[in-house]
Amino acid sequence: MPKIVIEAGHSERQYWKDLWHFRELFYFLAWRDILVRYKQTLIGIAWAVIRPLLTMAILVVVFNKLAKLPSDGTAPYPILVFAAMLPWQFFSTSLSEASNSLVVNSNLISKVYFPRLVVPASAVITSLVDFAISLGLLAGLMVIYQFAPTWKILTLPLFTLLAFLAALGPGLLMTALNVKYRDVRYIIPFIVQIGLYISPVGFSSSIVPEKWRLIYSLNPMVGVIDGFRWAILGGEIYMPGFLVAIGTTIVFLWLGLNYFRKTERTFADVI
Amino acid sequence: MIKVENLSKHYRIKSGSKQDTAHSYSTLRDSMANGIKSLLSWKNKTASEWEEFWAVRDVSFEVKQGEVVGLIGRNGAGKSTLLKLLSRITEPSSGRITLDGKVGSLLEVGTGFHPELSGRENIFLNGAILGMKRTEIQAKFDEIVDFAGVEKFLETPVKRYSSGMYVRLAFSVAAHLETEILLVDEVLAVGDSQFQKKCLQKMENVSSSGRTVIFVSHNMSTILSLCSRCIFLKNGQLDFDSEPREAVRKYLEEAQPTTHFQRTLQRSGDPTITEGRLQTNEKEGSYQIDIKVTIESDYDIKSCINVSTRDSMAQQVGFSSIGSFNNEEMLDIKKGKNTFCFRMDGSNLAVGSYFLSLSLSITNVRYLDRCEDCFSFDIEKSPRTGTHRVFSQNWGLGSVELPMSKIDQPGTET
């Protein structure tokens with residue numbers, strides 16, 4: 001029989017055990033969000049198709065046709081952009097979904113116990129569906145442009161995991177802040193908006209001057225996007241930058257997790 | 001089974017802002033501005049700005065396996081907080097709880113129900129939220145559906161359910177939660193009477209199956225019929241812990257006659273009866289009971305107001321409502337303060353003391369606010385003539401005199 005001891009400032013070990021125990025809730029919440037999102041609305045699915053295609057078209061026109069930026073090697077520019085759109089969109093929707101998740105589920109927080117980490121984590125999973133649809137679109141584009149990938153495409157899941165972790169860290173930080181400070185949600189769209197331009201989504205990161213490149217890589221999405229392009233388009237990866245990206249991802253994840261854990265116990269009191 | 005040692009929980013509330021805790025969300029903007037201000041003026045945040053509020057203070061008790069413990073107390077006595085502590089929703093400020101066994105908590109029915117999802121989907125979702133395993137839900141699925149009586153509507157989104165069906169389904173899932181320890185807040189308060197009876201039966205089964213139950217209720221007769229022991233909380237402290245009859249008596253004894261009360265808006269911003277005044281007028285043997293209430297709310301809503309009357313023996317005497325019997329009469333509550341006045345006819349009440357409880361609710365859907373035993377008054381009547389007697393509670397025959405008069409023969413004409 002499980003014995004539970006509840007005390008002020010409660011033990012760490014119990015938490016991770018609980019998290020494992022509540023894994024089914026995690027699936028169910030993700031399943032609910034996906035179901036609700038795509039249920040009855042055809043637009044839900046159509047939107048997941050139209051949005052990335054339209055964004056891609058605009059970025060191609062602005063950065064390639066107007067600004068005349070070069071592509072990476074032989075890759076067609078639309079594919080270069082779309083390969084970056086994949087992780088970027090995953091990152092941005094994850095961040096926004098995760099940040100709002102606790103506030104949206106406030107009735108759960110105040111009425112039932114479970115490790116609160118389940119909620120933002122399952123919200124991030126939901127964006128994987130959009131990601132899968134985009135992946136299908138990319139395959140279509142590659143057929144149209146007759147662009148064959150190399151074996152490197154097999155490493156894509158690893159970079160997807162990196163994108164997931166890169167979104168989870170800031171996502172946890174934001175969601176915890178959002179519970180306490182209700183104006184945080186106004187900041188998130190802003191972060192997402194400028195993030196699109198300071199991350200190499202519409203252009204290749206190789207156009208960044210050599211001496212700035214390492215500093216540029218402090219943005220973890222630079223490494224993630226470079227990884228995606230490497231896996232899909234081939235070519236070289238800027239290794240120091242990629243390592244820095246992994247580093248910053250870990251730092252953010254650690255910060256996010258810590259802050260979340262620290263404030264979690266008061267969520268039910270303030271929400 | 002359950003061991004609670006010196007348990008305390010306190011909140012810090014901003015002093016002076018007690019009235020509008022519902023609006024006290026902090027914003028990052030404000031805290032940044034305050035931070036800069038205090039940096040510039042080198043002034044520390046003084047403690048006087050914050051006030052400590054002890055929701056639960058130094059409570060200790062033990063519950064053995066198979067015991068059904070009722071938790072009673074006035075509004076704000078700390079019952080809900082204690083349940084939230086036991087169910088790990090919030091963390092104690094100090095003290096320790098030891099729970100031996102799997103804990104299930106029902107603080108609300110239908111937590112996490114999603115209107116867009118079908119009945120079937122919601123059963124699984126709600127079950128998972130309450131901590132059931134998928135296999136467990138599957139095994140009990142038919143039983144749950146049967147108990148709720150919603151077979152035909154399993155694939156219908158619950159937003160199309162009638163409010164009664166919705167609650168039945170929600171409770172049905174909860175009723176099938178099988179944990180060794182069950183914490184129940186007053187969830188039985190919604191739903192139609194037949195379903196309530198069914199739920200009470202289910203609860204009795206639960207207690208006879210050797211599970212440990214802690215049960216919060218305002219309904220003393222439910223407490224008396226279900227519990228083997230009763231804990232009485234007062235101002236966050238344990239006041240009395242004994243067999244139920246004794247505790248209930250004590251609880252009732254403490255009710256002071258009151259004709260005026262004041263409360264503050266609930267944290268949730270839901271409509272709250274923030275002030276009430278009661279006045280009784282006697283005129284030639286007829287009694288009028290006039291009530292004036294102020295209802296404060298953060299949003300516009302239509303609600304019923306219900307008054308339930310009980311006598312000094314905790315027997316329910318009767319029920320009066322505006323809106324429950326006719327939806328068109330529901331109170332139109334606007335954001336801010338609203339004032340309403342009502343009159344009840346108390347002419348048939350026996351001599352004795354009465355307690356009134358007020359509640360705001362949307363019938364069969366949810367309670368918005370509840371104000372237990374907030375008014376009390378005495379009915380005093382003196383015989384009009386030498387041969388006239390007045391019916392009194394202490395005759396032990398009830399509290400309401402049903403008017404009767406002599407007629408010549410049965411029929412419609414008089």
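The values are calculated or read from the model by the stated rules, or taken from the named source; none is laboratory data. Note that the structure is predicted; figures quoted are calculated from it, not measured. When we count neighbours, we look across all protein chains shown, and the Cβ atoms used for this are built from the backbone with ideal geometry, even at glycine. Remember, those area values only see protein heavy atoms, side chains included, never the ligands or the DNA or RNA. Shrake-Rupley method; radii C 1.70, N 1.55, O 1.52, S 1.80 Å.
Before moving on, here are some points about what is shown:
- Residue in the range A:41-56 that is open to solvent by less than 20 Å² (accessible area, probe 1.4 Å) and not in a helix (DSSP H, G or I) present: no
Listed here are the residues, each with its yes/no results for (1) more than 11 Å from chain B (Cβ to nearest Cβ); (2) more than 30 Å from A:Q146 (Cβ to Cβ); (3) not basic (K, R).
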position: A:W20; (1), (2), (3): yes, yes, yes
position: A:E24; (1), (2), (3): no, yes, yes
position: A:Y27; (1), (2), (3): no, yes, yes
position: A:I45; (1), (2), (3): yes, no, yes
position: A:T55; (1), (2), (3): yes, no, yes
position: A:I58; (1), (2), (3): yes, no, yes
position: A:P76; (1), (2), (3): yes, no, yes
position: A:F90; (1), (2), (3): yes, no, yes
position: A:A98; (1), (2), (3): yes, yes, yes
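- Among the residues of the range A:192-203, those that are out of contact with any Ser or Thr (no Cβ under 8 Å at 6 or more places or on another chain) and open to solvent by less than 30 Å² (accessible area, probe 1.4 Å) comprise A:S199, A:P200, A:V201, A:G202, A:F203.
- Scoring B:T46 on the criteria (1) modelled with pLDDT under 65; (2) surrounded by 14 or more Cβ atoms within 10 Å (Cβ to Cβ) leaves a single failure, condition (2).
- Checked against the criteria, A:I34 does not count as surrounded by 15 or more Cβ atoms within 10 Å (Cβ to Cβ), modelled with pLDDT under 90 and at the interface with chain B (Cβ under 9 Å from one of its Cβ atoms).
- Applying the condition of being more than 17 Å from B:S357 (Cα to Cα) and in a strand (DSSP E or B) to the range B:254-284 and asking which residue is most open to solvent (accessible area, probe 1.4 Å) yields B:K283.
- Taking every residue in the range B:391-414 that is on the phi < 0 side of the Ramachandran plot and pairing it with any residue that is aliphatic (A, V, I, L, M) and open to solvent by 100 Å² or more (accessible area, probe 1.4 Å), at least 6 positions away or on another chain, the pairs with Cβ-Cβ distances below 8 Å are B:F391/B:L397; B:Q393/B:M313; B:T414/B:I407.
- Test: residue in the range B:209-216 that is over 24 Å from B:V4 (Cβ atoms) and of a type in the set (S, T, Y): no
- Answer from A:R261, A:R229 - the residue that is surrounded by fewer than 20 Cβ atoms within 10 Å (Cβ to Cβ), of a type outside the set (V, I, T) and either within 14 Å of chain B (Cβ to nearest Cβ) or touching a Gly at 6+ places or on another chain (Cβ under 9 Å) (or both): A:R261
- Members of the range A:98-120 that are over 18 Å from A:R265 (Cβ atoms) and crowded, with 22+ Cβ neighbours inside 10 Å: A:A98, A:S99
- A:I79 meets all of the listed conditions (1) under 30 Å from A:T263 (Cα atoms); (2) touching a helix residue (DSSP H, G or I) at 6+ places or on another chain (Cβ under 8 Å); (3) open to solvent by less than 40 Å² (accessible area, probe 1.4 Å) but one, namely (1).
- Scanning the range A:173-191 for residues that are open to solvent by less than 20 Å² (accessible area, probe 1.4 Å) and not in a helix (DSSP H, G or I) turns up nothing.
- Single residue of the range B:91-111 satisfying the filter (closer than 14 Å to B:S172 by Cα and among the β-branched types (V, I, T)) that is surrounded by the most Cβ atoms within 10 Å (Cβ to Cβ): B:V109
- Among (1) away from chain A (no Cβ under 14 Å); (2) buried (at least 21 other Cβ atoms within 10 Å of the Cβ), the one test that B:R88 misses: (1)
- In this entry, B:F171 passes the filter for residues that are assigned to a helix (DSSP H, G or I) and either surrounded by fewer than 19 Cβ atoms within 10 Å (Cβ to Cβ) or under 23 Å from the mean Cα position of the chain (by Cα) (or both).
- None of A:V112, A:V104 is at pLDDT below 90 and out of contact with any helix residue (DSSP H, G or I) (no Cβ under 6 Å at 6 or more places or on another chain) except A:V104.
- Any hit, the range A:233-240, residues being β-branched (V, I, T) and assigned to a helix (DSSP H, G or I): no
- Filtering the range B:298-331 to residues that are part of a strand (DSSP E or B) and touching a Lys or Arg at 6+ places or on another chain (Cβ under 6 Å) leaves B:Q316, B:V317.
- Subset tally (residues that are under 23 Å from A:D33 (Cβ atoms) and either of a type in the set (D, E, K, R) or not in a helix (DSSP H, G or I) (or both)) for the range B:118-165: 16
- Conditions (1) closer than 21 Å to B:E401 by Cβ; (2) of a type outside the set (D, E, K, R); (3) touching an Asp or Glu at 6+ places or on another chain (Cβ under 6 Å); number of the one not met by B:T294: (1)
- Members of the range B:105-155 found to be among the basic types (K, R) and facing chain A (nearest Cβ under 9 Å), listed by number: B:K133, B:R134
- Every residue from the range B:112-131 that is touching a residue at least 24 places away in the same chain (Cβ under 8 Å) and open to solvent by less than 10 Å² (accessible area, probe 1.4 Å): B:L117, B:S118, B:G119, B:N122, B:I123, B:N126, B:G127
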